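Rule-based calculations on the coordinates, nothing more; no lab input. The shown structure was predicted, so the numbers you read here are calculated from the model rather than taken from an experiment. Counting neighbours? That spans all protein chains shown, and the Cβs are built from the backbone with ideal geometry, glycine included.
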Amino acid sequence: MSSPLSHSKDQPRIRKSLSDSCPASSSASTKSLRLSYAFRLGSSGVSDVSNDTSTNHAESYFLRRENRLSAKKKAEEETMNSDYKKMYEKALATNQRLKSRLETSKQELAMIQDQLQKAQGRSSDCSSNVLEAEKKVKAELKMENQRLKDENGALIRVITKLSK
């Protein structure tokens, strides 16, 4: 009698087709493939004892394969999660650095605006002082001009009396 995993001419090698067509995430599909595999073994004339052994081997093969695939998937997810975590931490650090720069810029802007207001205040104070000084000078010049006009008129009268 042949061993449960040996193949004869009448019994084609099924392992390759099962592994190619078995999706790891679908347990219903896996069960149906197991039953199909068991049915093929049973219909090929192998005894019930060897059929049970073959079924057990097929089930253990599928369990090992599912375990390998789930372990691989978990490892990939952990790697992806680690990558996302690193990217998140990097983005968080960048965000914090930018917030700090923004706060510094806001403080500088407030200082510059304060200095500008003070400078404008001084400028307006200076310009108002200058305007007041100019007004005083203008008033003095008007008074001086009027005095000179009056003196000129008096001199003209004196000259006219002398010339008569």
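Between residue 116 and residue 89, the modelled label-to-label distance comes to 4.3 nm, taking each label 7 Å out from Cα in the direction of the beta carbon.
In this label model, residue 135 and residue 156 are separated by 3.3 nm, measuring between points 7 Å along each Cα→Cβ vector. Using R0 = 35 Å, the C-beta based FRET efficiency linking residue 71 and residue 105 works out to 0.10. The lysines within cross-link reach of residue 161, meaning a Cα-to-Cα straight distance under 19 Å and a gap of 8 or more places when in the same chain, are 149. In order along the range 138-155, the Karplus-derived 3J(HN,Hα) couplings, from 6.51 cos²θ - 1.76 cosθ + 1.60 at θ = phi - 60°, round to 4, 4, 4, 5, 5, 5, 5, 4, 5, 4, 5, 5, 5, 5, 4, x, 5, 5 Hz, and Gly and Pro are given as x.
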